[in-house]
Amino acid sequence: MSENARLINGEQEIEFPLIIGSEQEVGLDISKLRAQTGMITLDEGFVNTGSTRSAITFLNGEQGILRYCGYAIEDIADKCDFIESAYLLLNGELPNSEQLSEFRSAIISEMDIPEGLINIITSFPKDAHPMAVLSAAVNALSTYYQDQVDPLDCGQVKSSIRRLIATLPTIAAYSHRHATGQKLITPCPELGYVENFLRMMLADEDGNYEADPDFVDALNLLLIVHADHEQNCSTSTVRMVGSANTNVYASIAAGICALWGPLHGGANEACVNMLKQIAADDGDVEKYVDMAKDKASSFRLMGFGHRVYKNYDPRARIFKKACDELLEKLDTDDPLFLIAQKLERVALEDEYFVARKLYPNVDFYSGVIYRAIGIPVEMFTVLFAMGRLPGWIAHWQEMHASPSKRICRPRQVYTGPNGRELPEISERS
Ligand code: ACO
């Protein structure tokens, strides 16, 4: 392959360097385009636009490959827990046992949140969506540590990062217990990260909760598999906001808001609601597949399709297997799992879905696992945020460490009116 690509526009001929990634992906470096030609690129939805070079996650949508720092997601899911995966994403290398134990204890010891923040969380309306509470609480968390919000101070950033990972489960669980009128259960330093979260969420009023090891494993798996997915909508949001030298709390709060949308992380909640609706409609899967194909209807199959995966999402495959195993161990049939499997079968044989390469995505089976564990549906996207947090932070850090970091500021092709005379109010129709 040549080192440059040539653009010919009329008389003008310009060369642009080709940037080759470590997996032989090719990027056309157009950073000098405007300076040399006065033109910009137009790529709505950023379908063809690489916003950065990144060494964190590799994914190949055609082949269904996902790796964190070079390690296959299947191997990480098999051999690591969530805290270990978080360390990997944040540091680029797996921890040795000493590093892991230091990181784990630092996180567990910081899971309590300030009293004032508890008051903020418990002053929200009980029916507030927990993603709104989560985003507001993460932003509010920074107000208790105002001497630690300088994004350019490595020491301050390090403690803020640990605090965010430590407190997100506590914020999430407290918002759930407040919404359901239950007493708050404080974190327990003797328990692990996932066990703590499950106990804070699901314990009785006296704090009694016996974590089923299968639930702990399943939740670890869910968090690991969600932990990063390169330049998705919420991660790009975190990078975009952080590029203004915004502190890490505010950047993560923005990422949480982006994740909330039903076309992104909110699809897990929307997917289970859709499966429930199909179940209530006599399990008529074909009717919903037809609706999704009907261009006159805005209905889409939630949990289907992906901007990058044009093959089976490897994360959906991991979750489907975990669903199967968990339900078998629990010896229960979740009707929604049966509907999900049927929906997948019908859709994958349908010409509409085949032609558009629409496969189940990460959100398709995750909800069935959350249900089996006892997590309420409105908390699903919050769990996604807990999982994605290390990925967001890793990207935020990588962006700040990059020598080529600049504020993110896309351009536009203006299509509005040309210069107009401003009429007096009396002359306006
Ligand atoms: N159901 C029915 N049709 C679909 C679906 C779907 N779930 N997804 C895409 N299509 C169709 C579109 O109508 C379009 O058809 P056309 O070419 O005839 O116009 C074609 O497939 C391409 O779809 P786009 O919307 O252009 O694809 P895009 O890459 O912009 O969107 C997205 C990807 C948002 C994920 C989309 O597939 C979707 O809305 N899926 C449902 C929501 C969902 O599950 N989101 C979670 C994604 S994973 C994550 O973010 C964690």
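The values are calculated or read from the model by the stated rules, or taken from the named source; none is laboratory data. Since this is a predicted model, take the numbers as computed values, not measurements. Here Cβ is always computed from backbone atoms with ideal geometry, including for glycine, and neighbour counts include all displayed protein chains. Just the protein is used for accessible areas: all its heavy atoms, side chains included, with ligands, DNA and RNA removed. Shrake-Rupley method; radii C 1.70, N 1.55, O 1.52, S 1.80 Å.
Got at least one residue in the stretch 63-81 being closer than 19 Å to Asn220 by Cβ, basic (Lys, Arg) and touching a Phe, Trp or Tyr at 6+ places or on another chain (Cβ under 8 Å)? Within the stretch 63-81, one or more residues are closer than 19 Å to Asn220 by Cβ, basic (Lys, Arg) and touching a Phe, Trp or Tyr at 6+ places or on another chain (Cβ under 8 Å). Among the residues examined, Ile73 qualifies as under 24 Å from the mean Cα position of the chain (by Cα), open to solvent by less than 40 Å² (accessible area, probe 1.4 Å) and within 23 Å of Gly192 (Cα to Cα). So, Leu219, is that one within 29 Å of Leu348 (Cβ to Cβ) and at pLDDT 95 or above or not? It is true that Leu219 is within 29 Å of Leu348 (Cβ to Cβ) and at pLDDT 95 or above.
Residues are listed down the side, and each one gets a yes or a no for (1) acidic (Asp, Glu); (2) without any contact (Cβ under 8 Å) to a residue 60 or more places away in the chain:
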{"residue": "Ile73", "(1), (2)": "no, no"}
{"residue": "Glu93", "(1), (2)": "yes, yes"}
{"residue": "Asn96", "(1), (2)": "no, yes"}
{"residue": "Met111", "(1), (2)": "no, no"}
{"residue": "Gly116", "(1), (2)": "no, yes"}
{"residue": "Ile120", "(1), (2)": "no, yes"}
{"residue": "Ala137", "(1), (2)": "no, yes"}
{"residue": "Asp147", "(1), (2)": "yes, yes"}
{"residue": "Ser159", "(1), (2)": "no, yes"}
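Within the stretch 258-269, the residues that satisfy the criterion of being assigned to a helix (DSSP H, G or I), open to solvent by less than 40 Å² (accessible area, probe 1.4 Å) and out of contact with any Asp or Glu (no Cβ under 9 Å at 6 or more places or on another chain) are Ala258, Leu259.
Screening Leu389, Leu383, Leu358, Leu343 for residues that are within 15 Å of the ligand (Cβ to nearest atom) and in a loop (DSSP other than H, G, I, E, B) leaves exactly one candidate, Leu358.
Here is the figure for the stretch 161-201: residues that are in contact (Cβ under 8 Å) with a residue 60 or more places away in the chain, of a type outside the set (Val, Ile, Thr) and surrounded by fewer than 20 Cβ atoms within 10 Å (Cβ to Cβ) total 4. Looking at the stretch 191-199, is at least one residue away from the ligand (no atom under 16 Å from the Cβ), out of contact with any strand residue (DSSP E or B) (no Cβ under 7 Å at 6 or more places or on another chain), of a type in the set (D, E, K, R) and farther than 29 Å from Ile65 by Cα? Scanning the stretch 191-199, I find at least one residue that is away from the ligand (no atom under 16 Å from the Cβ), out of contact with any strand residue (DSSP E or B) (no Cβ under 7 Å at 6 or more places or on another chain), of a type in the set (D, E, K, R) and farther than 29 Å from Ile65 by Cα, so the answer is yes. One residue stands out in the stretch 230-257 among those that are open to solvent by 10 Å² or more (accessible area, probe 1.4 Å) and assigned to a loop (DSSP other than H, G, I, E, B): the one that is farthest from the ligand (Cβ to nearest atom), namely Asn245.
A Cβ distance below 6 Å, combined with a sequence gap of six or more or placement on separate chains, defines the contacts here; from the stretch 333-359, residues that are under 19 Å from Gly64 (Cβ atoms) and among the charged types (D, E, K, R) reach residues that are within 16 Å of the ligand (Cβ to nearest atom) and open to solvent by 20 Å² or more (accessible area, probe 1.4 Å) in the pairs Lys357/Lys310. Answer yes or no: is there a residue in the stretch 281-291 that is closer than 29 Å to Glu230 by Cβ, among the small types (Gly, Ala, Ser) and open to solvent by less than 70 Å² (accessible area, probe 1.4 Å). Scanning the stretch 281-291 turns up no residue that is closer than 29 Å to Glu230 by Cβ, among the small types (Gly, Ala, Ser) and open to solvent by less than 70 Å² (accessible area, probe 1.4 Å). When the stretch 29-38 is filtered for residues that are surrounded by 15 or more Cβ atoms within 10 Å (Cβ to Cβ) and either charged (D, E, K, R) or assigned to a loop (DSSP other than H, G, I, E, B) (or both), only Ile30 remains.
When the stretch 307-347 is filtered for residues that are surrounded by 21 or more Cβ atoms within 10 Å (Cβ to Cβ), more than 24 Å from the chain's Cα centre (by Cα) and not aliphatic (A, V, I, L, M), nothing remains.
Checking each residue in the stretch 41-70 for being within 21 Å of Pro95 (Cβ to Cβ) and surrounded by fewer than 16 Cβ atoms within 10 Å (Cβ to Cβ) picks out Ala55, Gly70. What do you reckon, is Ser85 surrounded by fewer than 14 Cβ atoms within 10 Å (Cβ to Cβ), on the phi < 0 side of the Ramachandran plot and in a helix (DSSP H, G or I)? The answer is no for Ser85.
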